[in-house]
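Asker: My structure is below; once you've seen it, I'll send some questions.
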Amino acid sequence: GAGVSQTPSNKVTEKGKYVELRCDPISGHTALYWYRQSLGQGPEFLIYFQGTGAADDSGLPNDRFFAVRPEGSVSTLKIQRTERGDSAVYLCASSLKRQETQYFGPGTRLLVL
Amino acid sequence: QKEVEQNSGPLSVPEGAIASLNCTYSDRGSQSFFWYRQYSGKSPELIMSIYSNGDKEDGRFTAQLNKASQYVSLLIRDSQPSDSATYLCAVNSVGSGNTGKLIFGQGTTLQVKP
């Protein structure tokens with residue numbers, strides 16, 4: 001069956017530019033999570049959606065980061081005025097309901113030059 | 001102190017041996033514990049989940065949980081070279097209204113030598 005998909009798989013941008021990263025969760029999964037993974041580290045939580053609403057955005061590092069999930073399925077993570085420190089792999093995960101097993105997408109590798 | 005701690009390794013074992021991976025966590029209220037395997041350049045893949053004290057076995061993998069000691073481990077029996085990967089311990093965060101967000105350790109790199 002179809003798993004979590006993420007696009008693009010790789011994104012190279014210049015410092016100061018705006019980027020959008022997309023996540024397609026497993027069909028029927030109501031919970032969606034974004035994580036960020038830096039080299040040699042475990043994933044770090046960014047934001048959690050239950051349905052259309054951002055139920056927990058406590059992991060977003062600053063106000064340059066924003067995410068939406070307007071129809072309760074696809075989610076977009078938006079980063080404004082990108083900085084070199086934003087370079088990382090951005091992972092999306094979904095679960096049938098909150099607190100259930102999370103399944104990860106392949107990630108988007110973001111490089112800010 | 002980090003919320004979830006793992007030895008980064010690398011842990012090197014010969015093929016056929018038992019690999020033992022360990023993880024400690026700080027939040028006593030945590031109730032769900034997961035082991036993910038991550039190959040280089042790939043995303044995390046769920047190996048085991050465990051929710052109650054004791055052992056849980058699935059094929060060559062056994063997860064062990066001791067909530068009193070705030071300790072969770074993963075044993076891999078008959079290790080194969082294909083088991084060589086980074087193993088991430090993840091704990092369900094109790095804070096923020098039990099949203100289910102996971103707190104990950106930094107991962108332990110396992111090398112299984114033929």
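The values are calculated or read from the model by the stated rules, or taken from the named source; none is laboratory data. It should be emphasised that the depicted structure is a prediction, and the values quoted were computed from it without experimental measurement. So basically every Cβ, Gly included, is an ideal-geometry build from the backbone, and we count neighbours across all protein chains shown. Just so you know, the surface numbers come from the protein's heavy atoms only, side chains and all, with ligands and any DNA or RNA stripped out. Shrake-Rupley method; radii C 1.70, N 1.55, O 1.52, S 1.80 Å.
Asker: Need at least 3 residues that are within 14 Å of chain A (Cβ to nearest Cβ) and touching a strand residue (DSSP E or B) at 6+ places or on another chain (Cβ under 9 Å) per element, so show me which strands (runs of 3 or more DSSP E) inside region B:26-103 make the cut, counting only ones lying wholly within it.
Answerer: Qualifying strands (runs of 3 or more DSSP E): B:33-38, B:45-50, B:85-92.
Asker: Same structure again: Which one is nearest to residue B:5 (Cα to Cα) among residues in region A:4-26 that are open to solvent by 10 Å² or more (accessible area, probe 1.4 Å) and either modelled with pLDDT under 95 or in contact with a Leu (Cβ under 6 Å, 6 or more places away or on another chain) (or both)?
Answerer: My answer is A:25.
Asker: Looking at (1) over 17 Å from residue A:6 (Cβ atoms); (2) touching a helix residue (DSSP H, G or I) at 6+ places or on another chain (Cβ under 9 Å), find the lone condition where residue A:110 falls short.
Answerer: (1)
Asker: Could we say that residue B:34 is touching a Ser or Thr at 6+ places or on another chain (Cβ under 7 Å) and buried (at least 22 other Cβ atoms within 10 Å of the Cβ) here?
Answerer: On the way: touching a Ser or Thr at 6+ places or on another chain (Cβ under 7 Å): yes; buried (at least 22 other Cβ atoms within 10 Å of the Cβ): yes.
Judged against the criteria, residue B:34 is a match.
Every residue, every condition in (1) under 11 Å from residue B:23 (Cβ atoms); (2) among the hydroxyl-bearing types (Ser, Thr, Tyr), yes or no:
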{"residue": "B:49", "(1), (2)": "no, yes"}
{"residue": "B:61", "(1), (2)": "no, no"}
{"residue": "B:75", "(1), (2)": "no, no"}
{"residue": "B:87", "(1), (2)": "yes, yes"}
{"residue": "B:90", "(1), (2)": "yes, no"}
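Asker: Right, residue A:82: part of a strand (DSSP E or B) and farther than 17 Å from residue B:103 by Cβ or not?
Answerer: no
Asker: Now for a different question. Hey, does region A:94-109 have a residue that's farther than 23 Å from residue B:98 by Cβ, more than 9 Å from chain B (Cβ to nearest Cβ) and assigned to a loop (DSSP other than H, G, I, E, B)?
Answerer: no
Asker: Consider residue A:84 against the criteria (1) touching a residue at least 40 places away in the same chain (Cβ under 8 Å); (2) surrounded by 17 or more Cβ atoms within 10 Å (Cβ to Cβ): it satisfies all of them except one. Which criterion is unmet?
Answerer: (2)
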